[in-house]
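Here's the structure, in structure tokens; my notes come after.
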Amino acid sequence: MSPDLREIFDLFTADGTFLKGEPYGSGHIHDTFRVETKESEKDNYILQRLNDKIFKNIPELQHNIERVTIHLREKLSAIPGSDIKRECLRLIPAKNGNSWITDKEGKFWRMYIFISNHRSYNIVDTPVKAFEGGKAIGRFQAMLADLPGEPLFETIPFFHDIEKRLETFNRLLEKDPAGRAEKIVSEAEFVHKRAEEMKIILKLGREGKIPVRITHNDTKFNNILLDENDKALCVIDLDTVMPGYVHYDFGDAIRTAANIAAEDEKELSKVRMDIKLFEAYASGYLSETRDTLNPVEIDYLAFAPRLITFTIALRFLTDYIDGDNYFKIHHVHHNLQRARAQFRLVESMEEQYGEMNEIIAGLI
Ligand code: ADP
Ligand code: GN1
Ligand code: MG
């Protein structure tokens, strides 16, 4: 049954009267709706029914987002000419005093101001947009570097931990709960061939050579909104903002900003990492972070897209053999199709790895 959005809307302290609400965006995790208000001068809103199968502790998750958005807003307010309503997500408090409500079925909902006149891209077609995306993520990391207080909650423990992801994959491959293991023999071989080299970032972390920082952890390009002139506007989807390595954010952004094809492209010959888009994103990112990254972090930036694209391909593949319990899918073999496209993208990055390293070195 579709939710009664008007009823949910009225549980929040939003300014404006509910006119209509409809599904919005192409996120893989939550159920997202855009609510339009009757008054043209008032804000519109985003309502989200949160995925509590994936996020086990929603009050902790919301607490993180409250802290992060308050901090970002303070930083932005100090910049003359900033547009606070559009450059940072704003949670709308519920009438119960929390930043979320639960509905009759026990499902959690939250509300944000809808960021007006933004542009969102699943595929990036010009280096200028990639550059702006890089700047947005670089600035985001810089602004959160001095977040006061306790470390943020780990909303999904071991989220980018490739060792754990490999263990889960191998366990499910053995168990084969959906009877699909025989369909992925060549993909499993692809994974096993690269498993060892993918552990390098974790090893560098354990050896203390790269620091844990506050990272976003889900920097796919449609989580970076641009404005009507395609300038960096706002980083959204803050559910996984938590301690992490900068490589996770750099890698995931390149995975999406520099892939000239869709994430789930069926025609694998169309999938390729465009080196100009890579260069542009890296240039935007380093323009904001060059002075704060340590030499080892910089040395491994070019490796990061290989790691994260591999990790996310592995997660799509794992979900496929598990029977599609995690990502929203739009057809029966969707997760396999996504995994194949992402593995092809890993190969394209491998082919251009030398050049990627040269570009990073040239930007420092
Ligand atoms: P998911 O985790 O499912 O990806 P997101 O929080 O990224 O959920 O939201 C899904 C989509 O909704 C985003 O990709 C974006 O298009 C849109 N969206 C989310 N929050 C806002 C907002 N405050 N203003 C405008 N659009 C938004
Ligand atoms: C999910 O939430 P969304 O759709 O922006 C996923 C990411 C994956 C991505 C793949 C919490 O991102 O980790 O990289 O799909 N988010 C979560 O498209 O698992
Ligand atoms: Mg998203």
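The values are calculated or read from the model by the stated rules, or taken from the named source; none is laboratory data. As the structure is a computational prediction, the values presented were derived from the model and not from experiment. Methodologically, a virtual Cβ is constructed for each residue, glycine included, from the backbone with ideal geometry; neighbour enumeration extends over all protein chains shown. For the accessible areas, the whole protein counts, side chains as well, though only heavy atoms, and no ligand, DNA or RNA atoms are used. Shrake-Rupley method; radii C 1.70, N 1.55, O 1.52, S 1.80 Å.
Annotations
- Selected from Asn96, Tyr326, Thr289, residue furthest toward positive end of dipole (the chain; charges at beta carbon): Asn96
- Helix-only arithmetic for the chain: the sum of -39500 (n - 2.57) across DSSP H runs with n ≥ 4, divided by the residue total, places the mean residue ellipticity at 222 nm at -13500 deg cm²/dmol.
- In the chain, Cα pairs under 8 Å separated by at least six residues give a relative contact order of 19 percent.
- Proximal charge balance of Ile101 [Cβ under 11 Å; K/R count +1, D/E count -1]: +2
- 10 Å Cβ shell holding at most 16 others, DSSP loop, GluC sites (Glu not before Pro): longest site-free stretch of the chain: 268-364
- Aspartates and glutamates with Cα under 13 Å of Lys85, excluding same-chain neighbours fewer than 8 positions away: Asp43, Glu74, Asp227
- Per residue accessible area in Å² of the chain, where ligands, DNA and RNA are left out and the probe is 1.4 Å: 44 Å²
- Ranking Gly25, Ile46, Leu11 by Cα position along the charge dipole of the range 1-66, where only Lys, Arg, Asp and Glu carry charges on their C-beta atoms, puts Gly25 farthest toward the positive end.
- Placing +1 on the Cβ of every Lys and Arg and -1 on the Cβ of every Asp and Glu, with nothing else charged, gives the chain a dipole about its Cα centre of roughly 280 debye.
- Rounded if a/c under 1.5, otherwise prolate or oblate - the range 120-191, Cα gyration tensor axes: oblate
- Heavy-atom accessible area, probed at 1.4 angstrom with all protein chains present, ranks His192, His216 as His192, His216, highest first.
- Dimensionless Rg ratio for the range 127-363, taking C-alpha atoms and the 2.2 N^0.38 Å reference: 0.98
- Lys/Arg +1, Asp/Glu -1 at C-beta; the range 127-363 dipole; positive extreme among Asn335, Gly251, Cys234: Asn335
- Modelled FRET efficiency - R0 25 Å, Lys183 with Tyr353, Cβ distances, 0.05 increments: 0.25
- ³J(HN,Hα), Karplus 6.51/-1.76/1.60, whole Hz, each residue of the range 200-216, x for Gly, Pro: 4, 5, 4, 5, 4, x, 4, 7, x, 8, 10, x, 7, 10, 8, 10, 7
- Radius of gyration and Dmax over the Cα atoms of the range 263-354, both given in Å: 15.4, 47
- The chymotrypsin sites (Phe, Trp or Tyr not before Pro) of the range 154-225 meeting both criteria, a DSSP state outside H, G, I, E and B (loop) and at most 12 other C-beta atoms within 10 angstrom of the site's C-beta, are Phe158.
- Candidate lysines for bridging to Lys199, where Cα separation is under 27 Å - those fewer than 8 sequence places away on the same chain excluded: Lys56, Lys164, Lys175, Lys183, Lys209, Lys220
- Pairs of Cα atoms in the range 5-113 fall into 10 Å distance bins, from 0 up to the last occupied one, in shares of 14, 44, 35, 8, 0 percent.
- Working from label points 7 Å from Cα in the Cα-to-Cβ sense, the Ser120 to Thr292 distance is 2.6 nm.
- Proximal aspartates and glutamates to Lys104, defined as alpha-carbon separation beneath 19 angstrom and excluding residues fewer than eight positions away on the same chain: Asp4, Glu7, Asp10, Asp31, Asp52
- For the range 64-69, 3J(HN,Hα) per residue [Karplus equation, 6.51 cos²θ - 1.76 cosθ + 1.60, θ = phi - 60°, Hz, x = Gly/Pro]: 4, 5, 4, 4, 5, 6
- As a length-normalised measure over Cα pairs under 8 Å and 6 or more apart, the relative contact order of the range 1-153 settles at 22 percent.
- Placing R0 at 25 angstrom, the Cβ-Cβ distance between Arg34 and Glu60 gives a FRET efficiency of 0.40 after rounding to 0.05.
- Quarter of the Cα convex hull surface for the range 101-159, i.e. its orientation-mean projected area (nm²): 7.6 nm²
- Accessible carbon and sulfur surface of the range 127-363 relative to its total accessible area, %, 1.4 Å: 51 percent
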